[in-house]
Amino acid sequence: MLESPIFRALADPTRRAVFERLSRQEMNVSELKSGFGVSQPAISQHLTALKNAGLVCERREGRYIYYRSDPQGLAPLADWVQRHRELWPERIEKLKRVLKELEP
Amino acid sequence: MKHTPPATEPIVFECDLPHSPALVWRALTDRDLLGAWLLPNDMRPEVGARFSFERADQQPGYSIDCEVLEVEPNRTLRWRQTEAGDPESGWRSVTSVVTIELTDNAAGGTHLRLVHGEFTLVSAALYEPLTAPKASATVIRWRSLSSTKARNLGDIVCQLRRAA
(Lines give C-alpha, C1' and ligand atoms only; values in the text may rest on other atoms or scores of the structure.)
Protein backbone atom coordinates (compact mmCIF):
# COMPACT_ATOMS: atom_id res chain seq x y z
CA MET A 1 0.00 0.00 0.00
CA LEU A 2 1.07 3.50 -0.65
CA GLU A 3 2.15 5.46 2.34
CA SER A 4 2.22 9.21 2.30
CA PRO A 5 4.67 10.09 5.01
CA ILE A 6 4.32 13.56 6.42
CA PHE A 7 7.62 14.90 7.49
CA ARG A 8 8.42 17.61 9.88
CA ALA A 9 11.98 17.58 8.74
CA LEU A 10 14.82 19.41 10.36
CA ALA A 11 17.97 19.96 8.40
CA ASP A 12 20.92 18.11 9.89
CA PRO A 13 24.03 19.74 8.48
CA THR A 14 26.40 17.53 10.48
CA ARG A 15 25.02 14.33 9.00
CA ARG A 16 25.17 15.85 5.55
CA ALA A 17 28.76 16.90 6.13
CA VAL A 18 29.68 13.39 7.36
CA PHE A 19 28.24 11.90 4.19
CA GLU A 20 30.01 14.42 1.99
CA ARG A 21 33.37 13.87 3.68
CA LEU A 22 33.03 10.11 3.31
CA SER A 23 32.23 10.49 -0.36
CA ARG A 24 35.67 11.98 -0.87
CA GLN A 25 37.72 9.80 1.41
CA GLU A 26 37.52 6.69 3.54
CA MET A 27 37.85 7.51 7.25
CA ASN A 28 37.56 6.02 10.71
CA VAL A 29 35.49 7.61 13.46
CA SER A 30 38.32 9.55 15.08
CA GLU A 31 39.47 10.94 11.72
CA LEU A 32 35.90 11.95 11.04
CA LYS A 33 35.52 13.53 14.46
CA SER A 34 38.35 15.97 13.87
CA GLY A 35 36.84 18.87 12.05
CA PHE A 36 33.43 18.48 13.62
CA GLY A 37 32.56 20.08 16.93
CA VAL A 38 30.59 17.09 18.07
CA SER A 39 31.25 14.08 20.28
CA GLN A 40 32.29 10.65 19.04
CA PRO A 41 28.93 9.08 20.07
CA ALA A 42 27.17 11.74 17.99
CA ILE A 43 29.34 10.90 14.98
CA SER A 44 28.61 7.21 15.55
CA GLN A 45 24.89 7.91 15.58
CA HIS A 46 25.12 9.77 12.29
CA LEU A 47 27.08 6.86 10.84
CA THR A 48 24.42 4.42 12.03
CA ALA A 49 21.72 6.46 10.34
CA LEU A 50 23.75 6.67 7.14
CA LYS A 51 24.43 2.93 7.23
CA ASN A 52 20.73 2.15 7.80
CA ALA A 53 19.89 4.31 4.81
CA GLY A 54 22.38 2.32 2.75
CA LEU A 55 24.48 5.38 2.07
CA VAL A 56 27.61 4.41 3.96
CA CYS A 57 29.45 1.12 4.22
CA GLU A 58 32.21 0.02 6.58
CA ARG A 59 35.43 -2.02 6.47
CA ARG A 60 37.21 -3.38 9.51
CA GLU A 61 40.99 -3.22 9.70
CA GLY A 62 42.61 -4.27 12.96
CA ARG A 63 40.99 -2.31 15.76
CA TYR A 64 39.66 0.35 13.43
CA ILE A 65 36.55 0.49 11.33
CA TYR A 66 36.76 2.59 8.19
CA TYR A 67 33.73 4.17 6.62
CA ARG A 68 33.03 5.40 3.13
CA SER A 69 30.00 6.48 1.13
CA ASP A 70 28.41 3.64 -0.76
CA PRO A 71 27.53 4.73 -4.29
CA GLN A 72 25.21 1.71 -4.53
CA GLY A 73 23.08 3.39 -1.89
CA LEU A 74 22.02 5.90 -4.48
CA ALA A 75 21.37 3.31 -7.20
CA PRO A 76 17.61 2.90 -6.56
CA LEU A 77 17.12 6.60 -7.17
CA ALA A 78 19.08 6.42 -10.40
CA ASP A 79 16.87 3.55 -11.60
CA TRP A 80 13.73 5.47 -10.73
CA VAL A 81 14.94 8.62 -12.48
CA GLN A 82 15.96 6.60 -15.53
CA ARG A 83 12.48 5.08 -15.80
CA HIS A 84 10.95 8.53 -15.80
CA ARG A 85 13.54 9.81 -18.26
CA GLU A 86 12.23 7.20 -20.69
CA LEU A 87 8.55 7.76 -19.82
CA TRP A 88 8.27 11.50 -20.46
CA PRO A 89 8.90 11.42 -24.25
CA GLU A 90 6.22 8.70 -24.56
CA ARG A 91 3.79 10.78 -22.53
CA ILE A 92 4.44 13.90 -24.60
CA GLU A 93 3.74 11.89 -27.77
CA LYS A 94 0.34 11.05 -26.26
CA LEU A 95 -0.17 14.74 -25.41
CA LYS A 96 0.45 15.59 -29.06
CA ARG A 97 -2.31 13.18 -30.11
CA VAL A 98 -4.72 14.67 -27.53
CA LEU A 99 -3.97 18.20 -28.80
CA LYS A 100 -4.50 17.16 -32.40
CA GLU A 101 -7.99 15.94 -31.55
CA LEU A 102 -8.77 19.20 -29.72
CA GLU A 103 -7.78 21.44 -32.60
CA PRO A 104 -10.94 22.64 -34.37
CA MET B 1 38.82 7.09 -3.36
CA LYS B 2 36.45 8.17 -6.06
CA HIS B 3 32.89 6.99 -6.58
CA THR B 4 30.66 7.21 -9.60
CA PRO B 5 27.31 8.84 -8.90
CA PRO B 6 23.99 7.84 -10.35
CA ALA B 7 22.07 10.13 -12.65
CA THR B 8 20.18 12.30 -10.23
CA GLU B 9 20.15 15.35 -12.41
CA PRO B 10 16.74 16.73 -13.28
CA ILE B 11 15.01 15.34 -16.34
CA VAL B 12 14.57 18.08 -18.91
CA PHE B 13 12.36 17.57 -21.95
CA GLU B 14 11.56 20.25 -24.52
CA CYS B 15 9.48 20.29 -27.65
CA ASP B 16 7.51 22.60 -29.93
CA LEU B 17 3.81 22.15 -30.48
CA PRO B 18 1.79 23.66 -33.31
CA HIS B 19 -1.01 24.65 -30.91
CA SER B 20 -1.61 27.79 -28.86
CA PRO B 21 -0.43 27.92 -25.23
CA ALA B 22 -4.09 28.22 -24.20
CA LEU B 23 -4.94 24.90 -25.84
CA VAL B 24 -1.88 23.18 -24.39
CA TRP B 25 -2.78 24.62 -20.99
CA ARG B 26 -6.21 22.98 -21.27
CA ALA B 27 -4.57 19.64 -21.94
CA LEU B 28 -2.45 20.11 -18.80
CA THR B 29 -5.16 21.23 -16.42
CA ASP B 30 -8.42 19.62 -17.56
CA ARG B 31 -8.74 16.34 -15.68
CA ASP B 32 -10.09 14.35 -18.58
CA LEU B 33 -7.57 15.69 -21.06
CA LEU B 34 -4.69 15.27 -18.63
CA GLY B 35 -5.92 11.76 -17.95
CA ALA B 36 -5.92 11.02 -21.66
CA TRP B 37 -2.17 11.54 -22.03
CA LEU B 38 -0.74 11.22 -18.51
CA LEU B 39 -2.73 9.34 -15.87
CA PRO B 40 -6.28 9.40 -14.47
CA ASN B 41 -6.40 12.19 -11.90
CA ASP B 42 -8.45 14.67 -9.93
CA MET B 43 -6.30 17.70 -10.70
CA ARG B 44 -7.41 21.22 -9.78
CA PRO B 45 -5.15 23.97 -11.13
CA GLU B 46 -5.03 25.92 -7.88
CA VAL B 47 -1.96 26.50 -5.75
CA GLY B 48 -2.10 24.25 -2.72
CA ALA B 49 -4.65 21.87 -4.25
CA ARG B 50 -3.97 18.22 -3.53
CA PHE B 51 -4.73 15.63 -6.14
CA SER B 52 -3.72 12.13 -7.15
CA PHE B 53 -2.73 10.29 -10.25
CA GLU B 54 -4.15 6.78 -10.29
CA ARG B 55 -1.86 4.15 -11.66
CA ALA B 56 -4.06 1.39 -13.00
CA ASP B 57 -0.97 -0.27 -14.44
CA GLN B 58 0.23 -0.85 -10.88
CA GLN B 59 -1.63 -2.60 -8.11
CA PRO B 60 -5.22 -1.40 -7.44
CA GLY B 61 -5.24 1.61 -5.20
CA TYR B 62 -1.71 2.62 -6.13
CA SER B 63 -1.63 6.36 -6.57
CA ILE B 64 0.79 9.22 -6.85
CA ASP B 65 -0.06 11.94 -4.33
CA CYS B 66 0.42 15.47 -5.61
CA GLU B 67 0.26 19.06 -4.49
CA VAL B 68 0.01 22.01 -6.88
CA LEU B 69 2.86 24.43 -6.21
CA GLU B 70 2.54 27.01 -8.94
CA VAL B 71 -0.14 28.03 -11.44
CA GLU B 72 0.28 30.74 -14.02
CA PRO B 73 -2.45 30.15 -16.60
CA ASN B 74 -1.14 29.38 -20.09
CA ARG B 75 2.42 29.66 -18.77
CA THR B 76 3.52 27.59 -15.80
CA LEU B 77 2.26 24.55 -13.94
CA ARG B 78 4.28 23.01 -11.15
CA TRP B 79 3.42 20.19 -8.79
CA ARG B 80 5.13 18.03 -6.20
CA GLN B 81 4.45 14.31 -6.31
CA THR B 82 5.09 11.44 -3.95
CA GLU B 83 4.93 7.81 -4.98
CA ALA B 84 5.87 4.56 -3.36
CA GLY B 85 9.36 3.35 -4.05
CA ASP B 86 10.61 -0.19 -4.22
CA PRO B 87 10.45 -1.61 -0.69
CA GLU B 88 12.87 -4.40 -1.62
CA SER B 89 15.54 -1.87 -2.41
CA GLY B 90 14.97 -0.18 0.92
CA TRP B 91 13.33 2.97 -0.37
CA ARG B 92 9.81 3.65 0.77
CA SER B 93 8.89 6.60 -1.38
CA VAL B 94 10.16 9.08 -3.89
CA THR B 95 9.13 12.72 -3.92
CA SER B 96 9.85 14.94 -6.91
CA VAL B 97 8.74 18.16 -8.55
CA VAL B 98 7.41 18.49 -12.10
CA THR B 99 7.44 21.90 -13.78
CA ILE B 100 5.90 22.53 -17.19
CA GLU B 101 6.50 25.91 -18.80
CA LEU B 102 4.80 27.13 -21.95
CA THR B 103 6.07 29.97 -24.11
CA ASP B 104 5.04 31.31 -27.53
CA ASN B 105 7.34 30.11 -30.25
CA ALA B 106 8.26 31.86 -33.49
CA ALA B 107 5.99 29.59 -35.52
CA GLY B 108 2.90 30.77 -33.68
CA GLY B 109 2.74 27.63 -31.58
CA THR B 110 3.97 26.70 -28.16
CA HIS B 111 7.36 25.75 -26.82
CA LEU B 112 6.94 23.26 -23.99
CA ARG B 113 9.69 22.79 -21.44
CA LEU B 114 9.31 20.11 -18.81
CA VAL B 115 11.64 19.76 -15.84
CA HIS B 116 11.26 16.82 -13.49
CA GLY B 117 13.67 17.07 -10.58
CA GLU B 118 14.21 17.74 -6.89
CA PHE B 119 14.18 14.01 -6.28
CA THR B 120 13.84 13.06 -2.64
CA LEU B 121 14.14 9.51 -1.45
CA VAL B 122 12.69 8.40 1.83
CA SER B 123 14.53 5.44 3.21
CA ALA B 124 12.87 2.45 4.82
CA ALA B 125 15.12 3.32 7.75
CA LEU B 126 12.76 6.22 8.28
CA TYR B 127 10.30 3.84 9.82
CA GLU B 128 12.69 1.98 12.04
CA PRO B 129 13.93 3.44 15.28
CA LEU B 130 17.66 3.95 15.31
CA THR B 131 17.83 4.02 19.05
CA ALA B 132 14.81 2.93 21.02
CA PRO B 133 12.57 4.29 22.31
CA LYS B 134 12.74 7.59 20.50
CA ALA B 135 12.61 6.91 16.80
CA SER B 136 14.32 9.38 14.57
CA ALA B 137 13.68 9.66 10.90
CA THR B 138 16.08 10.21 8.08
CA VAL B 139 15.11 11.85 4.86
CA ILE B 140 17.72 12.08 2.17
CA ARG B 141 17.32 14.84 -0.27
CA TRP B 142 19.64 15.97 -2.96
CA ARG B 143 19.79 17.86 -6.16
CA SER B 144 22.51 18.57 -8.61
CA LEU B 145 24.52 21.68 -7.99
CA SER B 146 24.20 22.56 -11.63
CA SER B 147 22.88 21.07 -14.82
CA THR B 148 26.36 20.04 -15.80
CA LYS B 149 27.23 16.44 -15.18
CA ALA B 150 28.03 15.63 -11.61
CA ARG B 151 31.18 13.55 -11.56
CA ASN B 152 31.41 12.56 -7.95
CA LEU B 153 29.22 12.33 -4.92
CA GLY B 154 30.64 15.55 -3.63
CA ASP B 155 28.91 17.33 -6.49
CA ILE B 156 25.56 16.25 -5.23
CA VAL B 157 24.07 18.33 -2.50
CA CYS B 158 22.82 15.85 0.00
CA GLN B 159 20.66 17.11 2.76
CA LEU B 160 20.06 14.72 5.53
CA ARG B 161 17.11 15.67 7.56
CA ARG B 162 15.86 14.33 10.76
CA ALA B 163 12.17 14.37 11.44
CA ALA B 164 11.04 14.37 14.99
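The table below gives the values:
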{"read-out": "Test: A:ARG83 is touching a helix residue (DSSP H, G or I) at 6+ places or on another chain (Cβ under 8 Å) and within 11 Å of chain B (Cβ to nearest Cβ)", "value": "no"}
{"read-out": "Criterion violated by A:GLY37 - all others in (1) loosely packed, with under 13 Cβ neighbours inside 10 Å; (2) modelled with pLDDT of 90 or more satisfied", "value": "(2)"}
{"read-out": "A:PRO89 vs. criteria surrounded by fewer than 17 Cβ atoms within 10 Å (Cβ to Cβ), modelled with pLDDT of 85 or more and facing another protein chain (nearest Cβ under 7 Å)", "value": "yes"}
{"read-out": "Single residue of region B:13-27 satisfying the filter (part of a strand (DSSP E or B) and touching a Gly at 6+ places or on another chain (Cβ under 8 Å)) that is most open to solvent (accessible area, probe 1.4 Å)", "value": "B:ASP16"}
{"read-out": "Test: residue in region B:61-76 that is within 21 Å of A:PRO89 (Cα to Cα), surrounded by fewer than 19 Cβ atoms within 10 Å (Cβ to Cβ) and free of Cβ contacts under 8 Å to residues at least 24 places away in the same chain", "value": "no"}
{"read-out": "Filtered residue count, region A:16-43, keeping only those that are closer than 26 Å to A:LEU77 by Cβ and of a type in the set (Gly, Ala, Ser)", "value": "2"}
{"read-out": "Sole exception among (1) open to solvent by 80 Å² or more (accessible area, probe 1.4 Å); (2) within 13 Å of chain B (Cβ to nearest Cβ) for A:ARG68, by number", "value": "(1)"}
{"read-out": "Residue satisfying condition, being at pLDDT 95 or above and farther than 30 Å from A:GLU26 by Cβ, within set B:LEU39, B:LEU69", "value": "B:LEU69"}
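The values are calculated or read from the model by the stated rules, or taken from the named source; none is laboratory data. Computed from a prediction, not measured in an experiment: that's the story for all the values here. Positions of Cβ are generated from backbone atoms using ideal geometry, with glycine treated the same way; all protein chains shown enter the neighbour counts. Ligands, DNA and RNA are stripped out before the accessible areas are found, and what is left, the full protein with its side chains, is counted by its heavy atoms. Shrake-Rupley method; radii C 1.70, N 1.55, O 1.52, S 1.80 Å.
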